[in-house]
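Visitor: Here it is, the structure in full.
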């Protein structure tokens with residue numbers, strides 16, 4: 001979608017705006033910022049179309065339940081076969097080193113405390129630890145079939161050993177509403193004060209293990225700060241599972257690099273596995 005198309009579409013919705021600027025870098029949606037302080041997102045494919053539908057059900061209730069800002073759609077519907085949503089643009093930039101990162105702990109505690117049965121109803125997903133474990137049984141199939149063949153024997157054995165050893169832990173989690181893609185770029189922060197103010201981009205939100213929402217913090221701030229945040233949250237978070245999701249992110253990078261035929265991404269993912277795997 002081009003900016004002029006987005007502008008015409010917004011006018012059809014009764015949102016006249018003389019400035020519509022594309023936000024680049026996202027693969028999931030065509031995203032535009034308007035001069036009047038709104039965001040327009042239009043799904044690029046059926047998978048994201050379904051994600052938008054889930055967000056449209058979750059976000060209004062989540063916005064009422066938490067003290068921090070989340071995007072609350074003012075317009076939602078279908079445009080040329082794909083879902084769209086419009087919501088006020090939330091102020092701030094992504095969380096960075098030097099910001100007041102410890103304020104993230106109560107935000108995550110609030111997110112994970114959202115009533116889990118209601119989250120599952122809104123998102124149309126299962127609410128059991130077994131269902132979460134089963135997701136990783138499926139992930140394990142592409143790890144085995146796509147990632148392991150490009151690793152050397154020693155690294156291949158480490159991946160298999162850690163994956164197999166972690167599966168029982170995945171079946172013992174306490175399910176909660178999770179963001180599941182909580183990189184620090186999705187934690188909005190006041191640039192003047194460094195105080196986190198909101199969380200955005202809930203396309204992958206689901207019910208699962210809250211440990212996964214600490215991985216982005218681990219990547220940016222390291223182990224000590226992340227452990228302190230977990231302790232401050234008052235939640236029972238498995239450090240072993242935080243590390244599992246962390247190294248599995250490198251396996252995702254290998255898979256993506258192979259799909260894109262990008263040797264540099266594959267090599268970076270393999271090096272990430274070497275650094276992140278225990279042992």
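Visitor: Out of curiosity, is residue 7 assigned to a loop (DSSP other than H, G, I, E, B) and farther than 23 Å from residue 177 by Cα?
Guide: no
Visitor: From 85, 1, which residue is buried (at least 20 other Cβ atoms within 10 Å of the Cβ) and touching a helix residue (DSSP H, G or I) at 6+ places or on another chain (Cβ under 9 Å)?
Guide: Being buried (at least 20 other Cβ atoms within 10 Å of the Cβ) and touching a helix residue (DSSP H, G or I) at 6+ places or on another chain (Cβ under 9 Å) holds for just one of 85, 1, which is 85.
Here is a yes/no grid of residues against (1) touching a strand residue (DSSP E or B) at 6+ places or on another chain (Cβ under 6 Å); (2) assigned to a loop (DSSP other than H, G, I, E, B); (3) surrounded by fewer than 14 Cβ atoms within 10 Å (Cβ to Cβ):
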| residue | (1), (2), (3) |
| --- | --- |
| 24 | no, yes, yes |
| 30 | yes, no, no |
| 42 | yes, no, no |
| 51 | no, no, no |
| 55 | no, no, no |
| 58 | no, no, no |
| 63 | no, no, no |
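Visitor: Follow-up. Which count do you get for residues in the range 10-22 that are assigned to a loop (DSSP other than H, G, I, E, B) and modelled with pLDDT of 80 or more?
Guide: 4
Visitor: Right, here's the next one. Out of 58, 62, report the one residue that is farther than 27 Å from residue 194 by Cα and modelled with pLDDT of 95 or more.
Guide: Going through 58, 62 in turn, the sole match is 58.
Visitor: Can we say residue 234 is in the same structural domain as residue 129 (by TED's automatic domain parsing) and at pLDDT 95 or above?
Guide: no
Visitor: Using the structure shown, decide if residue 33 is closer than 20 Å to residue 10 by Cα and in contact with a helix residue (DSSP H, G or I) (Cβ under 6 Å, 6 or more places away or on another chain).
Guide: No: the conditions fail for residue 33.
Visitor: How about the range 95-115: which of its residues are outside any helix (DSSP H, G or I) and surrounded by 15 or more Cβ atoms within 10 Å (Cβ to Cβ)?
Guide: 95, 96, 99, 114
Visitor: Return the only residue of 214, 245, 256 being more than 14 Å from the chain's Cα centre (by Cα) and assigned to a helix (DSSP H, G or I).
Guide: Result of the check over 214, 245, 256: 256.
Visitor: Right, something else. Please count how many residues of the range 78-89 are part of a loop (DSSP other than H, G, I, E, B) and either closer than 13 Å to residue 35 by Cα or modelled with pLDDT of 95 or more (or both).
Guide: 1
Visitor: Given the conditions (1) more than 21 Å from residue 206 (Cα to Cα); (2) touching a strand residue (DSSP E or B) at 6+ places or on another chain (Cβ under 7 Å); (3) surrounded by fewer than 17 Cβ atoms within 10 Å (Cβ to Cβ), which single one is not true for residue 72?
Guide: Evaluating residue 72 over (1) more than 21 Å from residue 206 (Cα to Cα); (2) touching a strand residue (DSSP E or B) at 6+ places or on another chain (Cβ under 7 Å); (3) surrounded by fewer than 17 Cβ atoms within 10 Å (Cβ to Cβ) leaves (1) as the failure.
The values are calculated or read from the model by the stated rules, or taken from the named source; none is laboratory data. Values in this document were obtained by computation on a predicted structure and should not be read as measured data. Methodologically, a virtual Cβ is constructed for each residue, glycine included, from the backbone with ideal geometry; neighbour enumeration extends over all protein chains shown.
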